[in-house]
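Here is the structure we will look at.
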Amino acid sequence: MSELSGLERVLAALSLEEPDRVPTFEWSINGRVRETLFPGSSPFGFADKAGLDGVVVYEDQQKENTGSHGYRDEWGITYAETEEDYPTAVGHPLESFDGQAEDIAVSLTIPDPQADWRFESLREAVKRFKGRKAIVFRLRDAFSLPRNLRGMQNLMIDFVLNPDLVRQLTDISIDFNIKTAYRAMELGADIFWTSDDYCDNRGPTMGPEIWREFILPGLRRLVQTIRKEGYHFIKHNDGNIRSILPEMADTGISCIDPIDTGAGMDLAETKQNFGSRLAIKGGFPAEPVLCRGAREDVEEEVKRCLKAAAYGGGYILSTSSDIISSVKPENYLAMLEANRKYGTYPLRLD
């Protein structure tokens, strides 16, 4: 087989096929790790220098600086920046809202999902990588926006005491992200994913039944819209997802990620139970292997992941979290090198 492009590798894996080599990319690579390995590299520049098969593009935001490493976004949600590349929501514009669902239109200004400025990074990625690397655009589905607008505690109460409000907020989120997705399609995105995390180490934070009633319908609507247009959809969900994975698979997603080993998920088990329906991305523990292991540990972990999930295709090697700030940069490089060494098809790992 001749060498494929990164885009071709990722699309083959998402189609449950064997490409020339197991593809690899991450949702987020901490700036310190990038700078140590390739000084001065942007996220896109790092993807080129490291030979990643995909680039992840987030929608651009309009931010109002709030001081002390914080900002307010266009929805009015206030975030505190952390040492990682993803911030934490600390201020919620609907936290004190006590009206009815129909009153939301008065209390919440919904931004323009197709504003030109929202897609500047996507345009850059398309200009630089189109046809060469998979351009994977991040959306949100039914949980993250309602949680950040109301605050976690309020939303948990709303599931029981104000269900119409929850449905209104989830509809707002899904409508917004569908419109965002259509514009991203026009501009050249190849694949879509959502980053909403529903679960902790025990399962869905709101409980499986409430998840099925309030969150699943919105996820299904978004997935089916994307899939109807011919695009693959990767669903990210940290934590223990065993109790809801069958329903997530039934929505029509192409791939499940990240197989959170720290929450008790098992890569081989997931492959055995769902590998005929879903591609699988992830399963490599950043902690402890990438953060505290030796190079030999990294190589053995790559081989373990490949044995567990790569035979027959349908696997994308990546961490079960992200490349976080505590990752040893040389270990991430060793992970990529081991994949090139052992991840070529046909696999010979025994």
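Just a yes or no: is a residue in the range 305-322 modelled with pLDDT under 95, assigned to a helix (DSSP H, G or I) and of a type outside the set (Gly, Ala, Ser)? No, there is no match, as no residue in the range 305-322 is modelled with pLDDT under 95, assigned to a helix (DSSP H, G or I) and of a type outside the set (Gly, Ala, Ser). Close Cβ contacts (under 6 Å, 6 or more residues apart or on different chains) running from residues in the range 47-63 that are in contact (Cβ under 8 Å) with a residue 12 or more places away in the chain to residues that are in a loop (DSSP other than H, G, I, E, B) and of a type in the set (D, E, K, R) comprise Gly54/Lys133; Val55/Lys133; Gln61/Asp73; Gln62/Glu74. Is it the case that some residue within the range 314-326 is within 22 Å of Lys49 (Cα to Cα) and over 19 Å from the mean Cα position of the chain (by Cα)? Checked against the condition, which is being within 22 Å of Lys49 (Cα to Cα) and over 19 Å from the mean Cα position of the chain (by Cα), the range 314-326 yields at least one hit.
Being surrounded by fewer than 16 Cβ atoms within 10 Å (Cβ to Cβ) and either touching a helix residue (DSSP H, G or I) at 6+ places or on another chain (Cβ under 9 Å) or farther than 16 Å from Gly343 by Cβ (or both) is true for just one of Glu3, Glu18, Glu35. Which residue is that? Let's see the steps before the verdict.
Numbers: Glu3 fails: either touching a helix residue (DSSP H, G or I) at 6+ places or on another chain (Cβ under 9 Å) or farther than 16 Å from Gly343 by Cβ (or both); Glu18 fails: surrounded by fewer than 16 Cβ atoms within 10 Å (Cβ to Cβ).
When all the criteria are applied, what remains is Glu35.
Of all residues in the range 291-340, those satisfying the criterion of being crowded, with 24+ Cβ neighbours inside 10 Å and of a type in the set (Ser, Thr, Tyr) are Tyr315, Ser318, Thr319. So if I check each of Glu81, Glu102, which one is modelled with pLDDT under 95 and touching a Pro at 6+ places or on another chain (Cβ under 8 Å)? Just a single option satisfies the conditions, and that option is Glu81.
Among the conditions (1) among the polar types (S, T, N, Q); (2) surrounded by fewer than 23 Cβ atoms within 10 Å (Cβ to Cβ); (3) under 26 Å from Glu229 (Cα atoms), the only one that Thr270 does not satisfy is (3). Would you check if Glu3 is over 22 Å from the mean Cα position of the chain (by Cα), at pLDDT below 95, part of a loop (DSSP other than H, G, I, E, B) and acidic (Asp, Glu)? Considered against the rule, which asks whether it is over 22 Å from the mean Cα position of the chain (by Cα), at pLDDT below 95, part of a loop (DSSP other than H, G, I, E, B) and acidic (Asp, Glu), Glu3 comes out as yes.
Kindly check whether there is at least one residue in the range 183-198 that is outside any loop (DSSP other than H, G, I, E, B) and touching a Ser or Thr at 6+ places or on another chain (Cβ under 6 Å). No, every residue in the range 183-198 fails to be outside any loop (DSSP other than H, G, I, E, B) and touching a Ser or Thr at 6+ places or on another chain (Cβ under 6 Å). What are the residues in the range 73-82 that are surrounded by 17 or more Cβ atoms within 10 Å (Cβ to Cβ), part of a strand (DSSP E or B) and not polar (S, T, N, Q), if any? The one that is surrounded by 17 or more Cβ atoms within 10 Å (Cβ to Cβ), part of a strand (DSSP E or B) and not polar (S, T, N, Q): Tyr79. Contact annotation: residue pairs with Cβ atoms under 7 Å, 6 or more positions apart or on different chains, pairing a residue in the range 116-134 that is of a type in the set (Ser, Thr, Tyr) with a partner that is assigned to a strand (DSSP E or B), are Ser121/Val57. For the range 23-40, indicate whether the set of residues that are assigned to a helix (DSSP H, G or I), without any contact (Cβ under 8 Å) to a residue 24 or more places away in the chain and touching a Pro at 6+ places or on another chain (Cβ under 9 Å) is non-empty. So far as the range 23-40 goes, yes, one or more of its residues are assigned to a helix (DSSP H, G or I), without any contact (Cβ under 8 Å) to a residue 24 or more places away in the chain and touching a Pro at 6+ places or on another chain (Cβ under 9 Å).
Here is a yes/no grid of residues against (1) touching a strand residue (DSSP E or B) at 6+ places or on another chain (Cβ under 8 Å); (2) farther than 23 Å from Leu94 by Cα:
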site: Asn177; (1), (2): yes, no
site: Arg183; (1), (2): no, yes
site: Phe192; (1), (2): yes, yes
site: Asp197; (1), (2): yes, no
site: Met206; (1), (2): no, no
site: Trp211; (1), (2): yes, no
site: Leu222; (1), (2): yes, yes
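Counting the residues of the range 188-212 that are touching a helix residue (DSSP H, G or I) at 6+ places or on another chain (Cβ under 9 Å), surrounded by 15 or more Cβ atoms within 10 Å (Cβ to Cβ) and in contact (Cβ under 8 Å) with a residue 60 or more places away in the chain gives 6. When the range 213-241 is filtered for residues that are charged (D, E, K, R) and surrounded by 17 or more Cβ atoms within 10 Å (Cβ to Cβ), the ones remaining, listed by number, are Arg220, Arg221, Lys235, Asp238.
Quick one: which of Lys281, Lys307, Lys228 is touching an Asp or Glu at 6+ places or on another chain (Cβ under 6 Å) and charged (D, E, K, R)?
Working: Lys307 fails: touching an Asp or Glu at 6+ places or on another chain (Cβ under 6 Å); Lys228 fails: touching an Asp or Glu at 6+ places or on another chain (Cβ under 6 Å).
None of the other options fit; the residue is Lys281.
The values are calculated or read from the model by the stated rules, or taken from the named source; none is laboratory data. As the structure is a computational prediction, the values presented were derived from the model and not from experiment. When we count neighbours, we look across all protein chains shown, and the Cβ atoms used for this are built from the backbone with ideal geometry, even at glycine.
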